Every structure is written in C-alpha cells, then in structure tokens.
Amino acid sequence: MSRAIRGAEATIDCKIFLGMFSSERGVVVELPDGRKVMAVVDKRYVFPDREPKPGTEVDGRVKVFIVESKKDTAIVDLPQAGLTQGPRLEIPRTLLR
C-alpha cells in the first residue's frame, strides 16, 4: 500500500487456524522483529488462501484498521485484541495491502 490513510482498512499476512466456534478463526501475525501476535477474530475479518482443517494452519490475510500512519511504519488495530497484548500493533508500512 503506497499510502496508509488514517481510518482506512487494510490487510496483513498471517497464519489462520480454526477457532473453538464456527464463527471465529485464530490468527498469528509474525512481525519482522520475530514477535508473534496471536488473536481470535470473527471469521469475517480473515481471508485464507484455503479453508483450514482442524489442527492445521493456512496462509492468509487479516483485516486491520489504520490508526496512524508514519513515514515507514503504521499503527494498526486488529479486529480483536491479541491473546497476549491489546489490539494495537506498530508494523512496517510495507506489510499493508
């Protein structure tokens, strides 16, 4: 994404797996610094390359909401808070699609 506009929506790469309920999916976002952020989100916010099967992860994208755009980074919110942190992430703008 060449321009990240505050309040806009975008997607970022993630791994997707089935949640406990049919309406949810687990996502793992791998950040460039090696950190992994895991969250459980409504399945409407994920775009898997193919549907995950029980016990497997598939590549895909998760929708994020741009809070602030900086020169090289963007602050985004996941659709729901991560399991080990809140919903807000600072990511390189190059990860936005």
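Couple of notes before you dig in:
- Asp42 meets the conditions (1) under 19 Å from Thr84 (Cα atoms); (2) touching a Gly at 6+ places or on another chain (Cβ under 8 Å) in every case but one. The failed one is (2).
- Residue match in the range 59-78 (condition: of a type in the set (D, E, K, R), more than 17 Å from Ala8 (Cβ to Cβ), in a strand (DSSP E or B) and touching a residue at least 40 places away in the same chain (Cβ under 8 Å)): yes
- Filtered by the rule that a residue be surrounded by fewer than 18 Cβ atoms within 10 Å (Cβ to Cβ) and of a type in the set (Val, Ile, Thr), the range 66-90 gives Val67, Thr73, Ile75, Thr84.
- Annotation: of all residues in the range 28-58 being part of a loop (DSSP other than H, G, I, E, B) and of a type in the set (D, E, K, R), the one that is surrounded by the most Cβ atoms within 10 Å (Cβ to Cβ) is Glu57.
- The lone exception for Arg25 - which of (1) within 18 Å of Pro87 (Cα to Cα); (2) surrounded by fewer than 19 Cβ atoms within 10 Å (Cβ to Cβ); (3) not aromatic (Phe, Trp, Tyr) it fails: (2)
- Residues of the range 1-17 classified as of a type in the set (A, V, I, L, M, F, W, C) and at pLDDT 70 or above, total: 6
The values are calculated or read from the model by the stated rules, or taken from the named source; none is laboratory data. Keep in mind it's a predicted model, so treat the numbers as computed, not measured. When we count neighbours, we look across all protein chains shown, and the Cβ atoms used for this are built from the backbone with ideal geometry, even at glycine.
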